[in-house]
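See structure below.
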Amino acid sequence: MSNDLSFDEYTARQYRELEPEHLLTRALTLQPSGHYRRNGRGWVSLPYPGFAVVSMVDREPLNQDLPGILESVQAALWEHCPWGESLYFLPASSFHQTIANTLSEDRFIEHIARPGLEGAYPQRVAEAFARIPRFAGAAVAAATAEDAPGPRAAKAEPEPGAPIRMPLAGLSIFGTALGVLGVFEEEESYQRILHFREHFYKDPAVRAFDVRRTRPFIGHVTLAYVETDLTTMQREELGAAVHSLNQAMFAARPVFHLAPAELRRYENLSAFERRPTFPQYIL
(Lines give C-alpha, C1' and ligand atoms only; values in the text may rest on other atoms or scores of the structure.)
Protein backbone atom coordinates (compact mmCIF):
# COMPACT_ATOMS: atom_id res chain seq x y z
CA MET A 1 0.00 0.00 0.00
CA SER A 2 1.36 3.41 -0.97
CA ASN A 3 1.24 5.80 1.97
CA ASP A 4 0.32 9.46 1.58
CA LEU A 5 2.96 12.13 2.13
CA SER A 6 3.23 14.30 5.22
CA PHE A 7 2.07 17.89 4.76
CA ASP A 8 5.65 19.21 4.61
CA GLU A 9 6.74 16.48 2.21
CA TYR A 10 3.71 17.11 0.02
CA THR A 11 4.22 20.88 -0.13
CA ALA A 12 7.93 20.57 -0.90
CA ARG A 13 7.18 18.00 -3.59
CA GLN A 14 4.63 20.22 -5.35
CA TYR A 15 6.95 23.24 -5.51
CA ARG A 16 9.93 21.11 -6.55
CA GLU A 17 7.94 19.87 -9.55
CA LEU A 18 7.60 23.50 -10.75
CA GLU A 19 11.33 24.29 -10.76
CA PRO A 20 12.66 24.88 -14.31
CA GLU A 21 15.31 22.15 -14.13
CA HIS A 22 12.71 19.68 -12.88
CA LEU A 23 10.31 20.63 -15.67
CA LEU A 24 13.02 19.94 -18.23
CA THR A 25 13.83 16.58 -16.66
CA ARG A 26 10.15 15.64 -16.79
CA ALA A 27 9.83 16.82 -20.39
CA LEU A 28 12.79 14.69 -21.46
CA THR A 29 11.12 11.53 -20.11
CA LEU A 30 7.57 12.11 -21.40
CA GLN A 31 5.84 9.17 -23.04
CA PRO A 32 2.64 8.99 -25.14
CA SER A 33 -0.36 8.15 -22.97
CA GLY A 34 -2.18 5.98 -25.52
CA HIS A 35 -5.55 7.34 -24.41
CA TYR A 36 -6.30 9.32 -27.61
CA ARG A 37 -5.47 9.16 -31.31
CA ARG A 38 -6.12 11.22 -34.39
CA ASN A 39 -8.15 10.09 -37.41
CA GLY A 40 -9.27 12.01 -40.48
CA ARG A 41 -11.94 13.90 -38.53
CA GLY A 42 -10.11 14.73 -35.31
CA TRP A 43 -9.38 13.10 -31.98
CA VAL A 44 -10.76 9.72 -30.93
CA SER A 45 -10.95 8.70 -27.26
CA LEU A 46 -9.72 5.16 -26.69
CA PRO A 47 -11.46 2.92 -24.12
CA TYR A 48 -10.25 3.22 -20.53
CA PRO A 49 -13.20 2.16 -18.34
CA GLY A 50 -13.35 2.56 -14.61
CA PHE A 51 -14.66 4.15 -11.43
CA ALA A 52 -13.04 6.89 -9.35
CA VAL A 53 -13.91 9.13 -6.41
CA VAL A 54 -13.42 12.65 -7.70
CA SER A 55 -14.19 16.31 -7.01
CA MET A 56 -15.37 17.98 -10.21
CA VAL A 57 -14.52 21.62 -10.88
CA ASP A 58 -17.96 22.40 -12.33
CA ARG A 59 -19.86 20.95 -9.36
CA GLU A 60 -18.91 23.79 -6.99
CA PRO A 61 -20.38 27.29 -7.62
CA LEU A 62 -17.30 28.92 -6.08
CA ASN A 63 -15.32 27.56 -9.07
CA GLN A 64 -17.38 29.48 -11.62
CA ASP A 65 -14.33 31.30 -13.03
CA LEU A 66 -11.89 28.40 -12.80
CA PRO A 67 -12.80 26.51 -16.03
CA GLY A 68 -12.14 29.67 -18.06
CA ILE A 69 -8.82 30.22 -16.29
CA LEU A 70 -7.70 26.66 -17.00
CA GLU A 71 -8.84 26.91 -20.61
CA SER A 72 -6.72 30.04 -20.97
CA VAL A 73 -3.73 28.03 -19.74
CA GLN A 74 -4.50 25.40 -22.38
CA ALA A 75 -4.73 28.09 -25.07
CA ALA A 76 -1.40 29.62 -24.02
CA LEU A 77 0.26 26.20 -24.03
CA TRP A 78 -1.08 25.57 -27.54
CA GLU A 79 0.30 28.93 -28.66
CA HIS A 80 3.75 28.00 -27.41
CA CYS A 81 3.59 24.36 -28.58
CA PRO A 82 1.21 24.08 -31.58
CA TRP A 83 1.79 20.39 -32.19
CA GLY A 84 -1.56 19.25 -33.55
CA GLU A 85 -0.81 15.52 -33.50
CA SER A 86 0.92 15.53 -30.12
CA LEU A 87 -1.21 17.29 -27.51
CA TYR A 88 -4.80 16.36 -26.70
CA PHE A 89 -6.48 19.04 -24.60
CA LEU A 90 -9.19 17.79 -22.25
CA PRO A 91 -12.62 19.47 -22.27
CA ALA A 92 -13.46 21.77 -19.35
CA SER A 93 -16.29 19.42 -18.33
CA SER A 94 -13.67 16.82 -17.40
CA PHE A 95 -11.60 19.03 -15.06
CA HIS A 96 -11.40 17.33 -11.67
CA GLN A 97 -9.33 16.34 -8.67
CA THR A 98 -9.07 12.62 -7.99
CA ILE A 99 -9.67 12.04 -4.29
CA ALA A 100 -9.32 8.25 -4.48
CA ASN A 101 -8.51 6.02 -7.42
CA THR A 102 -10.45 2.79 -7.33
CA LEU A 103 -10.56 0.43 -10.33
CA SER A 104 -9.73 1.09 -13.98
CA GLU A 105 -9.01 -0.73 -17.22
CA ASP A 106 -7.91 -4.35 -16.62
CA ARG A 107 -8.64 -4.30 -12.88
CA PHE A 108 -12.10 -2.82 -13.53
CA ILE A 109 -12.80 -5.61 -16.03
CA GLU A 110 -11.48 -8.30 -13.66
CA HIS A 111 -13.21 -7.22 -10.47
CA ILE A 112 -16.39 -5.48 -11.68
CA ALA A 113 -17.29 -5.93 -15.35
CA ARG A 114 -16.54 -9.64 -15.83
CA PRO A 115 -18.27 -10.77 -12.58
CA GLY A 116 -21.27 -8.55 -13.42
CA LEU A 117 -20.92 -6.38 -10.30
CA GLU A 118 -21.21 -2.90 -11.80
CA GLY A 119 -24.67 -2.47 -10.30
CA ALA A 120 -23.51 -3.52 -6.83
CA TYR A 121 -20.30 -1.49 -6.67
CA PRO A 122 -21.83 1.98 -6.05
CA GLN A 123 -23.77 0.63 -3.08
CA ARG A 124 -20.60 -0.84 -1.57
CA VAL A 125 -18.88 2.54 -1.99
CA ALA A 126 -21.88 4.24 -0.36
CA GLU A 127 -21.53 1.88 2.60
CA ALA A 128 -17.86 2.78 2.91
CA PHE A 129 -18.68 6.50 2.79
CA ALA A 130 -21.26 6.07 5.55
CA ARG A 131 -18.69 4.48 7.86
CA ILE A 132 -16.08 7.27 7.54
CA PRO A 133 -16.11 9.25 10.81
CA ARG A 134 -16.31 13.01 10.76
CA PHE A 135 -12.88 14.62 10.60
CA ALA A 136 -12.00 15.81 14.12
CA GLY A 137 -8.90 17.86 13.37
CA ALA A 138 -10.51 21.21 14.15
CA ALA A 139 -12.13 19.88 17.31
CA VAL A 140 -8.87 18.37 18.57
CA ALA A 141 -7.02 21.63 17.93
CA ALA A 142 -9.71 23.61 19.76
CA ALA A 143 -9.59 21.27 22.77
CA THR A 144 -5.80 21.58 22.91
CA ALA A 145 -6.08 25.37 22.84
CA GLU A 146 -8.64 25.29 25.68
CA ASP A 147 -6.22 23.33 27.86
CA ALA A 148 -3.24 25.55 27.10
CA PRO A 149 -2.29 28.11 29.79
CA GLY A 150 -2.26 31.85 29.15
CA PRO A 151 -4.30 34.07 26.82
CA ARG A 152 -5.68 32.59 23.61
CA ALA A 153 -6.05 34.36 20.31
CA ALA A 154 -9.56 34.19 18.90
CA LYS A 155 -9.81 31.98 15.86
CA ALA A 156 -12.90 31.38 13.75
CA GLU A 157 -13.69 27.72 13.33
CA PRO A 158 -14.07 26.56 9.72
CA GLU A 159 -17.66 26.18 8.62
CA PRO A 160 -18.64 22.47 8.70
CA GLY A 161 -18.69 21.07 5.20
CA ALA A 162 -17.14 24.19 3.65
CA PRO A 163 -15.27 23.35 0.42
CA ILE A 164 -11.54 22.80 0.84
CA ARG A 165 -9.47 25.55 -0.77
CA MET A 166 -6.65 24.29 -3.00
CA PRO A 167 -4.69 27.14 -4.63
CA LEU A 168 -3.16 26.17 -7.97
CA ALA A 169 0.58 26.83 -7.96
CA GLY A 170 1.52 26.17 -11.59
CA LEU A 171 1.57 23.93 -14.61
CA SER A 172 3.59 20.74 -14.33
CA ILE A 173 4.64 17.81 -16.52
CA PHE A 174 3.70 14.26 -15.56
CA GLY A 175 4.73 10.96 -17.13
CA THR A 176 2.24 11.20 -20.01
CA ALA A 177 0.33 14.42 -19.35
CA LEU A 178 0.34 18.06 -18.28
CA GLY A 179 -1.66 19.54 -15.44
CA VAL A 180 -1.74 22.21 -12.76
CA LEU A 181 -0.56 21.36 -9.24
CA GLY A 182 -2.47 22.24 -6.09
CA VAL A 183 -1.14 23.22 -2.66
CA PHE A 184 -2.89 24.02 0.61
CA GLU A 185 -2.86 27.14 2.74
CA GLU A 186 -3.44 25.18 5.96
CA GLU A 187 -2.38 21.68 6.92
CA GLU A 188 -5.89 20.90 8.16
CA SER A 189 -7.26 21.14 4.61
CA TYR A 190 -4.77 18.52 3.46
CA GLN A 191 -5.48 16.31 6.48
CA ARG A 192 -9.21 16.33 5.71
CA ILE A 193 -8.44 14.61 2.41
CA LEU A 194 -6.01 12.14 3.96
CA HIS A 195 -8.58 11.32 6.66
CA PHE A 196 -11.08 10.35 3.97
CA ARG A 197 -8.53 8.28 2.05
CA GLU A 198 -7.29 6.42 5.13
CA HIS A 199 -10.76 5.25 6.10
CA PHE A 200 -12.00 4.65 2.55
CA TYR A 201 -9.15 2.38 1.51
CA LYS A 202 -9.39 0.34 4.71
CA ASP A 203 -13.12 -0.26 4.47
CA PRO A 204 -14.02 -3.92 3.90
CA ALA A 205 -16.79 -3.03 1.42
CA VAL A 206 -14.29 -1.67 -1.11
CA ARG A 207 -11.42 -3.97 -0.16
CA ALA A 208 -13.67 -6.85 -1.24
CA PHE A 209 -13.23 -5.52 -4.81
CA ASP A 210 -9.42 -5.41 -4.38
CA VAL A 211 -9.45 -1.60 -4.28
CA ARG A 212 -6.03 -0.43 -3.09
CA ARG A 213 -4.19 2.82 -2.40
CA THR A 214 -1.55 2.46 -5.10
CA ARG A 215 -0.20 6.03 -5.06
CA PRO A 216 -0.11 9.00 -2.69
CA PHE A 217 -2.56 11.88 -3.01
CA ILE A 218 -1.27 14.58 -5.39
CA GLY A 219 -3.36 17.71 -5.85
CA HIS A 220 -3.67 18.40 -9.58
CA VAL A 221 -6.02 19.02 -12.49
CA THR A 222 -5.01 17.32 -15.74
CA LEU A 223 -5.28 19.63 -18.76
CA ALA A 224 -3.67 17.68 -21.63
CA TYR A 225 -2.25 14.32 -22.65
CA VAL A 226 0.80 13.77 -24.82
CA GLU A 227 0.06 11.37 -27.68
CA THR A 228 3.23 11.21 -29.82
CA ASP A 229 6.90 10.70 -29.06
CA LEU A 230 8.27 14.26 -28.98
CA THR A 231 11.64 15.19 -30.44
CA THR A 232 14.39 16.40 -28.12
CA MET A 233 13.87 19.95 -29.37
CA GLN A 234 10.13 19.75 -28.68
CA ARG A 235 10.79 18.43 -25.20
CA GLU A 236 13.14 21.31 -24.44
CA GLU A 237 10.63 23.79 -25.87
CA LEU A 238 7.87 22.28 -23.75
CA GLY A 239 9.87 22.54 -20.52
CA ALA A 240 10.73 26.17 -21.24
CA ALA A 241 7.15 27.00 -22.26
CA VAL A 242 5.67 25.55 -19.08
CA HIS A 243 8.10 27.53 -16.91
CA SER A 244 7.28 30.71 -18.84
CA LEU A 245 3.53 30.17 -18.47
CA ASN A 246 3.92 29.61 -14.74
CA GLN A 247 5.68 32.94 -14.36
CA ALA A 248 3.01 34.73 -16.38
CA MET A 249 -0.23 33.03 -15.37
CA PHE A 250 -0.03 31.71 -11.81
CA ALA A 251 1.14 34.68 -9.75
CA ALA A 252 -2.47 35.25 -8.63
CA ARG A 253 -2.90 31.61 -7.51
CA PRO A 254 -6.39 30.67 -8.75
CA VAL A 255 -8.21 28.53 -6.20
CA PHE A 256 -9.91 25.19 -6.80
CA HIS A 257 -12.66 24.81 -4.19
CA LEU A 258 -13.05 21.07 -3.78
CA ALA A 259 -16.69 20.05 -4.13
CA PRO A 260 -18.00 16.89 -2.45
CA ALA A 261 -16.13 13.74 -3.34
CA GLU A 262 -18.33 11.75 -5.72
CA LEU A 263 -18.17 8.31 -7.23
CA ARG A 264 -18.00 8.72 -11.01
CA ARG A 265 -17.97 6.20 -13.87
CA TYR A 266 -15.91 6.74 -17.02
CA GLU A 267 -15.42 4.98 -20.35
CA ASN A 268 -12.45 7.24 -21.16
CA LEU A 269 -10.63 10.07 -19.42
CA SER A 270 -12.59 12.86 -21.12
CA ALA A 271 -15.96 12.31 -19.42
CA PHE A 272 -16.86 11.35 -15.85
CA GLU A 273 -20.48 10.27 -15.50
CA ARG A 274 -22.59 10.90 -12.42
CA ARG A 275 -25.72 8.81 -11.86
CA PRO A 276 -28.53 9.35 -9.35
CA THR A 277 -27.59 6.25 -7.35
CA PHE A 278 -23.90 7.20 -7.04
CA PRO A 279 -22.83 8.31 -3.53
CA GLN A 280 -21.03 11.47 -2.51
CA TYR A 281 -19.10 12.48 0.62
CA ILE A 282 -18.62 15.94 2.11
CA LEU A 283 -14.90 16.12 2.85
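The values are calculated or read from the model by the stated rules, or taken from the named source; none is laboratory data. Keep in mind it's a predicted model, so treat the numbers as computed, not measured. Glycine gets a Cβ as well: all are built from the backbone with ideal geometry, and neighbour counts include every protein chain shown. Ligands, DNA and RNA are excluded from the accessible area calculation, which covers all protein heavy atoms including side chains. Shrake-Rupley method; radii C 1.70, N 1.55, O 1.52, S 1.80 Å.
So the values come out like this:
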| item | result |
| --- | --- |
| Radius of gyration and Dmax over the Cα atoms of the chain, both given in Å | 19.9, 73 |
| Of all accessible heavy-atom area on the chain, the percent that carbon and sulfur account for (1.4 Å) | 51 |
| Ratio Rg/Rh [Cα only; Rh per Kirkwood] for segment 194-283 | 1.06 |
| Helical mean residue ellipticity (222 nm; -39500 (n - 2.57) per DSSP H run of 4+; nearest 500) of the chain | -10500 deg cm²/dmol |
| GluC sites (Glu not before Pro) restricted to segment 65-101 and DSSP loop, no more than 12 other C-beta within 10 Å | Glu85 |
| 1.4 Å probe accessible area per residue over segment 159-283, in Å² | 41 |
| Mean Cβ count within 10 Å, highest first, over the residues of peptides 201-213, 3-15 | 201-213, 3-15 |
| His220 long-range amide H proximity, modeled H, under 5 Å | Thr98, Gly182 |
| Sparse-neighbourhood loop sites, trypsin sites (Lys or Arg not before Pro) in segment 215-283 - DSSP loop, at most 15 other Cβ within 10 angstrom | Arg274 |
